[in-house]
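*Asks:* My structure is below; once you've seen it, I'll send some questions.
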Amino acid sequence: MNEFIAWAKIRLSVDYRLIVIYCLVYFIWGLGMNWFGAQVEIAKFTFWWQVVTCYILYMVPISLLLRNFPFHMQYAYGLIAMGILEFGGYALKTSYAYPNNLMDQFFGERTFALGMALFFALYFPLGNWAVAKLYQSVCKPKI
């Protein structure tokens, strides 16, 4: 257990500007996805503020932990994290899946949460890539 805590501290000792960029990117991304999901009637959060708890308080720390792993490992670990989040969200009814939505029509209703987890697991490698590019362009290291 002590090894994990030490590993996590090393992985999370980052520039505060990087954390700010993560929070801004993920918050905007979360609001956009929640809006899109509601507009096309796929799925949405029950309350708008769940964007903060899901995207910032849950996904940002996971992204920070995974940021130096290769794409496939970020996706694999992200799939586990999103599987837990999707399962919990629909089981606790804090997320709402529209009946007979596009994903249900295309893949079948019993595969909805799995499809969502498979899709949203891409957030970790794609989000880490986007944030790294923004961080490098906005916060150029001083030589």
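*Asks:* Go through the residues of the range 117-131 one by one and say whether even a single one is modelled with pLDDT of 90 or more and in contact with a strand residue (DSSP E or B) (Cβ under 6 Å, 6 or more places away or on another chain).
*Replies:* Taking every residue of the range 117-131 in turn, none turns out to be modelled with pLDDT of 90 or more and in contact with a strand residue (DSSP E or B) (Cβ under 6 Å, 6 or more places away or on another chain).
*Asks:* Going by what's in this entry, would residue 106 be described as farther than 28 Å from residue 134 by Cβ and part of a helix (DSSP H, G or I)?
*Replies:* Against the criterion (farther than 28 Å from residue 134 by Cβ and part of a helix (DSSP H, G or I)), residue 106 qualifies.
*Asks:* Let me ask you something else. Checking the condition more than 11 Å from the chain's Cα centre (by Cα) and modelled with pLDDT of 95 or more, which residue from 31, 57 passes?
*Replies:* From the options 31, 57, the qualifying one is 31.
*Asks:* Another question, then. I'd like the residue in the range 111-143 that is aliphatic (A, V, I, L, M) and over 30 Å from residue 91 (Cα atoms) and, out of all such residues, is surrounded by the most Cβ atoms within 10 Å (Cβ to Cβ).
*Replies:* 131
*Asks:* So residue 109 fits all but one of (1) touching a helix residue (DSSP H, G or I) at 6+ places or on another chain (Cβ under 7 Å); (2) at pLDDT below 85; what number is the exception?
*Replies:* That leaves (1) as the condition not met.
The values are calculated or read from the model by the stated rules, or taken from the named source; none is laboratory data. Given the structure is predicted, the values throughout are model-derived calculations rather than measurements. Backbone-built Cβ (ideal geometry, glycine too); neighbour counts: all protein chains shown.
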